[in-house]
Amino acid sequence: MDFFYRVRFPLMAMGMLSLLTGIWAGLLRFGWDFPTPIAHLAAIHGPLMVCGFLGTVIGLERAVALGRPWGYAAPLFAALGGVTVLVLDDAKTGIALFIVSSVLLAAIYAAILSKQFAMFNVTMALGALAWMAGNLLWFIGRPVEDFVLWWAAFVILTIAGERLELSRFMEPPPVARRLFPAAIGVLLAGSVLTTVSSATGIKAAALGMLFTALWLARFDIARRTVRQTGLTRFVAICLLSGYFWLGLGGVLLFPQPAWGPGNGYDAVLHCVFLGFAFSMIFGHAPIIFPAVLRVAVPYRPAFYVHFAVLQATLLLRVASDVMGWESGRMWGGLLNALALVAFLINTVISVRRGRGNTVER
């Protein structure tokens, strides 16, 4: 198994390549005149961030949890897909690799469910299937607005499933256990309907986002752990802020008359993919890195720097979206990128300080 431990590092590095190039692509989309050797880079911002980065990281985490060599094929194909869409102007090959990765991720969950059939595992498995559905729609040439909510469901359901697993320590009441599947059911219904009827689908998707955010904010263990100190408090603050962004995404999505590129579109997607997803990543990184890479990431109060910068600059960006203030959107996007870079730098500093404190697994 040493080989499969060592392969985690190049896989994570390829995922980080997708993240960094995806950040650069986002700045180009805003209109910042930065040099780029890849002419089509701006067009693949979303695929790099969602499929190349999140697909690799989530796949790697699940492969480690599964503990079987074949599971590492899921993050491998996601990582290769990220590199491929970077290198090739024609995205078809990269999309095919992402489809294979999503199928393998669903297979990982199938193997896990065969051992432990629980709602939290079902939720994460549905997330993998949502990613696969979005990738298939992308492959057959459907416009981005037809499948991006499938990608959003992938991220939301993966995180919600992980948090549901931990909520068992708080023993949610029976009514809460019934409300959770109802919330994710509405979210998935919205994803389905958006591919058929945009006006109807976005209403359901918006309600699904809002209900899921409210459920997590009410029943997640973070409501208790936020009263503690150190890393435990930091993680809880990140989680609760993520639920705020997910709920705000639902609130902003609901009144939209149609679903497609525009300021409201940008605000909703970045509430989910940036505010919700990266608040979760910021909070979980000191826990996930030791579990996956066996390297210690000691907590430092400096973690609040990249967290605070992201929250403040995303507020600027979303407010600018709502008001139609283009300069605010551009500067908000640039500062969002700096927050993500600060996160990477802070994490590297902590890893260096924790060098020698390897984590056994």
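The values are calculated or read from the model by the stated rules, or taken from the named source; none is laboratory data. Just so it is clear, the structure is predicted and the values come from calculations on it, not from any experiment. Glycine gets a Cβ as well: all are built from the backbone with ideal geometry, and neighbour counts include every protein chain shown.
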Working carefully through the options 305, 297, find the one that is crowded, with 21+ Cβ neighbours inside 10 Å and more than 16 Å from the chain's Cα centre (by Cα). 297
For residue 262, which of the numbered conditions (1) touching a helix residue (DSSP H, G or I) at 6+ places or on another chain (Cβ under 7 Å); (2) free of Cβ contacts under 8 Å to residues at least 40 places away in the same chain; (3) surrounded by fewer than 17 Cβ atoms within 10 Å (Cβ to Cβ) fails to hold? (1)
When you scan the range 29-51, how many residues do you find that are in contact with a helix residue (DSSP H, G or I) (Cβ under 9 Å, 6 or more places away or on another chain) and farther than 16 Å from residue 340 by Cα? 14
Please determine, by comparing only the residues of the range 186-208 that are over 11 Å from residue 254 (Cβ atoms) and free of Cβ contacts under 8 Å to residues at least 40 places away in the same chain, which one is nearest to the chain's Cα centre (by Cα). 187
Quick one: in the range 135-147, of everything that is modelled with pLDDT under 95 and assigned to a helix (DSSP H, G or I), which residue is nearest to the chain's Cα centre (by Cα)? 147
Only one residue in 190, 141, 185, 161 is within 20 Å of residue 276 (Cα to Cα) and surrounded by fewer than 17 Cβ atoms within 10 Å (Cβ to Cβ). Which one? 185
With (1) out of contact with any helix residue (DSSP H, G or I) (no Cβ under 9 Å at 6 or more places or on another chain); (2) over 29 Å from residue 291 (Cα atoms); (3) not acidic (Asp, Glu) as the list, and residue 116 as the residue in question, which single condition is left unmet? (2)
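A quick yes/no check of all residues on (1) in a helix (DSSP H, G or I); (2) modelled with pLDDT of 95 or more:
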position	(1), (2)
264	yes, no
277	yes, yes
280	yes, yes
286	yes, no
297	no, no
310	yes, yes
318	yes, yes
327	yes, no
Test result for residue 221, surrounded by fewer than 23 Cβ atoms within 10 Å (Cβ to Cβ), touching a helix residue (DSSP H, G or I) at 6+ places or on another chain (Cβ under 6 Å), under 23 Å from residue 126 (Cβ atoms) and among the β-branched types (Val, Ile, Thr): yes
When you go through 210, 239, 214 one by one, which is the residue that is surrounded by fewer than 20 Cβ atoms within 10 Å (Cβ to Cβ) and either touching a Ser or Thr at 6+ places or on another chain (Cβ under 6 Å) or within 21 Å of residue 120 (Cα to Cα) (or both)? 214
